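Structure, as structure tokens:
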Amino acid sequence: MAKHTVVTMPGDGIGKVVLPQALRVLEKVGFDAEYVHADIGWEFWVREGNPLPQRTLDLLEEHKLGLFGAITSKPKAEAAAELDPSLRDKGYVYYSPIVGLRQHFDLDICLRPCRSFPGNPLNFIRKKPGGGFEEPPVDVAIFRQNTEGLYAGVEWTDPPPEVRKALETHPKMARFKDVPSSDLAVSCRIFTREACRRICRAAFEYAAKKGYKSVTVCEKPNVVRETSGMMGEEARAAAGDFPGIDLWFTNIDAQMMWLTKDPEKYGVIVAGNLFGDIISDGFAGLVGGLGFACSGNIGPKAAVFEPTHGSAPKYAELDPPIVNPIAMILSAAMLLDHVGEEEKAEAVRKAVGEVVAEGRVRTYDMLRLRGGPEVIAKGAAATEEMTQAILERLP
């Protein structure tokens, strides 16, 4: 019997392309696992009115470990229009299944490492004061609170009377008193102290384990005082147990400027759901873009690992596939870390780094080409060719 069972959820679009490449890498590196396919994504919304079927939840309840590809999400009206005719007008509402997974399993910590690989032509560079250019090394780990904040889903258009009445107990609502409810949309940013405490402590523990010198809380406490303030309070409490690690505070807007000035100054960053989403994509852009952006959704009892790119349906049917599989492969390496197979995880990252540094095999994004079937003729590597180059670097 295999040591681990991994629930594989290819999802939509290029998720079905890149996830099998990650499994090839896991097999080559000697990961002792069985893989169980699970249904998730747009086709199940269309056919069943549920993009996250109960049978998939049951598999993750049993095995606690998942590898996820990508998901297609569409606005409310488009989603309703694509439902099977037999399901329309029956109260079905589309919700992102990956958000659903995070909330169902309390996958409250989203870890998004952004590390540059030397030789990647997409890495951030800047002008040197005396002329020429330099490429600062970027090695940042973003801890994004994954289940609360603005993504908690507590929102209304045309809020019911009891909600409006409760909101109007706050003096700041006075300026909206003459706005008809039908013209009012409300989204609640909800933080809980326990979730703030857990992610701040996890960030400091990770920094101590990996040798980072600082943890930065990236929020907006000068404006969003209550929720950002609570995150700051818990970060200060956690910092007391880690005297060798500096605690910094930045505002999300200023941080977006500073990350393109001095990205090498930052180590571990903690943020709420929306700001964490923003800042992690910002740092991902410095290390190669979404083709290199991996992540883990980690809770007390389960974990799901995924690239942060979307489903890119226009690329899904190309033959041969051209998308960059590295983000998915690095997500698989994070899964290895999570289950204690850290030597295997580092072997995968080392192999990726060697392929990138050599520069012989580069996908279309690494060549700064517009995606399409013609990129192969222009020298871009196909998806499987990039995977094969990585496999050849593994022991």
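Percent of C-alpha pairs per 10 Å bin in the chain, short distances first: 5, 21, 30, 27, 14, 4, 0. Rounded to the nearest 5, the antiparallel percentage of DSSP beta bridges internal to the chain is 45%. Largest first, the three principal axis extents of the alpha carbons in segment 214-275 are 31, 28, 18 Å in whole numbers.
Placing a label point 7 Å from the Cα of TRP248 along the Cα-to-Cβ direction, the residues of segment 280-301 whose backbone N falls under 19 Å from that point are 280-287. Taking the inverse of the mean reciprocal distance over all distinct Cα pairs, the Kirkwood hydrodynamic radius of segment 284-395 comes to 14.7 Å. Over the chain, DSSP H runs of length four or greater, each weighted -39,500 (n - 2.57), average out per residue to a 222 nm ellipticity of -11500 deg cm²/dmol. Build a GNM of the chain with springs between Cα atoms under 10 Å apart, and of HIS309, HIS37, HIS170 the one that fluctuates most is HIS170. All other residues whose Cβ lies under 13 angstrom from that of MET173 are scored, Lys and Arg at +1 and Asp and Glu at -1, for a net of +3.
Residue by residue, segment 110-122 carries 3J(HN,Hα) couplings of 10, 9, 10, x, 10, 10, 7, 9, x, x, 6, x, 8 Hz when phi is fed to the Karplus relation 6.51 cos²θ - 1.76 cosθ + 1.60 (θ = phi - 60°); x denotes Gly or Pro. Evaluated at 25 °C with a viscosity of 0.890 mPa s, what Stokes-Einstein diffusion coefficient in µm²/s does segment 163-264 have when Rh comes from the Kirkwood expression over alpha-carbon pairs? The calculation lands on 153 µm²/s.
Its convex hull of Cα atoms gives segment 93-224 a direction-averaged projected area, equal to a quarter of the hull surface, of 13.8 nm². Pairs exceeding a 28 Å alpha-carbon distance, out of LYS210/LYS261; LYS74/LYS172; LYS74/LYS350; LYS76/LYS261; LYS64/LYS210; LYS16/LYS76: LYS74/LYS172; LYS74/LYS350; LYS76/LYS261.
As a length-normalised measure over Cα pairs under 8 Å and 6 or more apart, the relative contact order of the chain settles at 21 percent. Between ARG126 and LYS165, the FRET efficiency estimated from the beta carbon spacing at R0 = 41 angstrom works out to 0.15.
Read the figures in this text as sums done on the coordinates, not as results from a lab. Since this is a predicted model, take the numbers as computed values, not measurements. Positions of Cβ are backbone-derived with ideal geometry, glycine not excepted, and every protein chain shown enters the neighbour counts.
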